[in-house]
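Taken together, the values in this text are just the output of simple stated rules run on the coordinates, not laboratory data. Everything numeric here is computed off the predicted structure, so don't read it as measured data. When we count neighbours, we look across all protein chains shown, and the Cβ atoms used for this are built from the backbone with ideal geometry, even at glycine.
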């Protein structure tokens, strides 16, 4: 082993970036670690937010950039993009020779990273495993868990699920979610309520006015329904009569349907109270969440950062089904009247008591410390108690 352990982090989307930024900082600053960074997938695409520009603005220069998104946003294109990642990532890993590869959460580039590194005998560290939700993300997340050697779940319940899947408890570290680190850093001095444009982000909000945030992604297992789903959400939002910030969706199978619905809505007169943006920097996103009247859609940020900030949230459909959440979330179907009623109820309620369900703002540093110290075996073994299995079979 080298004097400094090489930790290679793969960032593939704007969501990945928000959930790994403080880990990048902590690894970069750790005396026993050397940070390597790969930017890939939609992180390189401007129409999906151009997260690589935010990385570079923050002083992180990628060691490699891998373009692996095949256009089309269909299930086949998503599968082919995963395969392209498997073709390209091994070449970069051979060049960089990392000691550990870090992969984030549950997207297609996440599983491509885990497969490539594990086949190359490089220990894999995985963040946000053990969680339950909807979409193909559910299957990807657990598959990556079984390919990974070190686990950084965001909650104690997620840690118990990982151990129940047969993972070695010695390498399961319940550290919280790094996205909460950004929220904790940003929260001081941020008041709830009106948002005034500070001139840096160019958002065309009416100064002093309350606003909603809308972030709705395609559900891959409900491919073909995205257009009707986003239309229902936007109809509900327009009936509220409050200005809204509408984000474009992630690059997933079905995202073209969601963007089509947003474009159609934007061309209508009802859209004059809505402002459409592909992305904002992660800390600016937290400031917006802290000040908005309600966040609406199906993003995990509503449950994760939303819990810590106490932001009222309405989660629509199955994408976050059964995921842990705080009291700040109301779940609804895709019925426009039900969505509108839930949003009005959340606006009337106002802010919730903040929750540290997903962490207290120290995840990045804890993850770096573990990466510097832990040395898991490459050969994994299923951990289980045979007597318990026999007892269950006979029950």
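Details
- For region 36-187, the relative contact order works out to 15 percent when only alpha carbon pairs closer than 8 Å and six or more residues apart are counted.
- The Cα-based radius of gyration and maximum Cα-Cα distance (Dmax) for region 189-349 are 14.4, 43 Å.
- Folded to 0 to 90 degrees: helix 137-147 orientation relative to the chain principal axis, Cα: 20 degrees
- C-alpha long axis of helix 363-373 to longest principal axis of the chain, angle in °: 10 degrees
- Here, region 303-372 has an Rg and a Dmax of 15.0, 52 Å when only alpha carbons are counted.
- Shown is the FRET efficiency for residue 67 and residue 97, computed with R0 = 30 Å from the Cβ-Cβ distance and rounded to the nearest 0.05: 0.85.
- Distance from region 95-164 to region 308-380 (C-alpha centre basis), Å: 19 Å
- Ranked by how many other beta carbons lie within 10 Å on average, peptides 363-373, 309-319 from highest: 309-319, 363-373
- Region 1-155: Cα Rg divided by the 2.2 N^0.38 Å rule of thumb: 0.96
- Protection proxy ranking of 256-268, 115-127 - average other beta-carbon atoms within 10 Å, highest first: 115-127, 256-268
- Relative to the current alpha-carbon distance between residue 273 and residue 47, full extension at 0.36 nm per residue lengthens the span by 79.1 nm.
- For the chain: relative contact order, % (alpha-carbon pairs under 8 angstrom, 6 or more apart): 18 percent
- Relative to the longest principal axis of the Cα atoms of the chain, the long axis of helix 255-266 lies at roughly 20 degrees.
- The alpha carbons of the chain stretch over 61, 56, 43 Å along the principal axes, in descending order.
- Theoretical ellipticity at 222 nm over the chain - DSSP helices of four or more residues, -39500 (n - 2.57) apiece, nearest 500: -12000 deg cm²/dmol
- Per residue, the average separation of C-alpha pairs within less than 8 Å and at least 6 apart gives region 189-349 a relative contact order of 24 percent.
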